[in-house]
Amino acid sequence: MKQFYNLKSLLRLSFLFVVLLSITSAVQSCKKDDDDDDAQHLVQFESKIITNGPTPAPTPPVIGSFNAIATQVGTAAETNYTAMGIAWKSDEFFVNESQAQLRVAASANLPYTDSKLIVTMWIDGEIAESDTVVGKGTNIVASVTHSFLEL
């Protein structure tokens, strides 16, 4: 009789365990999925030239100039050869994480050895990537790349 009682108790315990396991797994599977595959990010590209140079500055002033600015979102590349002045900024735009790669590069003519070419990528209002190249010459290049892929 005692064995029958232990067996009955063991069956009740097993049944209770199975019910609790089922309820727990059902609750876990119904939780909101945190993986948002369609996450959107606000992106902006920026490039600027800081001439620096001698003090006092020569008259007329000598400034740097852009040769080209190239941007790439996913597999779509765009080149802007008409960047005027010493600062360039793209419009803000939304990018889906599925685009994976973002790139921006700038080529410039810098007049002095302490002149700077700075390329910056803003994502969601914060600097995500930045590159600064210091030097003198034609076709000085600075570029940055950002990936949304998790490694």
Checklist outcome for this item: Residue set Ile86, Ile69, Ile63; condition in contact (Cβ under 8 Å) with a residue 40 or more places away in the chain, surrounded by 12 or more Cβ atoms within 10 Å (Cβ to Cβ) and over 21 Å from Gly125 (Cβ atoms); output residue Ile63
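Which of the residues spanning segment 86-122 are assigned to a strand (DSSP E or B) and of a type in the set (Val, Ile, Thr)?
Across segment 86-122, the qualifying residues are Val95, Val104, Ile118, Val119, Thr120.
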Checklist entry - Any idea how many residues of segment 106-127 are in contact with a strand residue (DSSP E or B) (Cβ under 6 Å, 6 or more places away or on another chain) and either in contact (Cβ under 8 Å) with a residue 60 or more places away in the chain or surrounded by 19 or more Cβ atoms within 10 Å (Cβ to Cβ) (or both)? => result 13
Checklist outcome for this item: Ala142 meets each of (1) surrounded by fewer than 19 Cβ atoms within 10 Å (Cβ to Cβ); (2) in contact (Cβ under 8 Å) with a residue 60 or more places away in the chain; (3) among the hydrophobic types (A, V, I, L, M, F, W, C) with one exception, condition (1)
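Return the residues of segment 49-60 that are more than 24 Å from the chain's Cα centre (by Cα) and either of a type in the set (Lys, Arg) or surrounded by 11 or more Cβ atoms within 10 Å (Cβ to Cβ) (or both); say none if nothing qualifies.
Hits for segment 49-60 are Ile50, Thr51, Asn52, Gly53, Ala57.
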Checklist entry - With Asp34, Asp38 as the choices, which residue is at pLDDT below 70 and in contact with a strand residue (DSSP E or B) (Cβ under 7 Å, 6 or more places away or on another chain)? => result Asp38
Checklist outcome for this item: Of the residues in segment 89-98, those that are closer than 26 Å to Ile50 by Cα and open to solvent by 70 Å² or more (accessible area, probe 1.4 Å) number 3
Checklist outcome for this item: Residue count, segment 39-88, condition over 30 Å from Phe148 (Cβ atoms) and among the polar types (S, T, N, Q), comes to 5
Item to check | Residues being of a type in the set (A, V, I, L, M, F, W, C), closer than 18 Å to Ile127 by Cβ and in contact (Cβ under 8 Å) with a residue 40 or more places away in the chain - total across segment 95-105 | outcome: 3
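The values are calculated or read from the model by the stated rules, or taken from the named source; none is laboratory data. In this text, all values refer to a predicted model and were calculated from it rather than measured experimentally. Note that each Cβ is placed from the backbone with ideal geometry, even for glycine, and that neighbours are counted across all protein chains shown. These area figures cover heavy atoms from the full protein model, side chains too; ligands, DNA and RNA do not enter into them. Shrake-Rupley method; radii C 1.70, N 1.55, O 1.52, S 1.80 Å.
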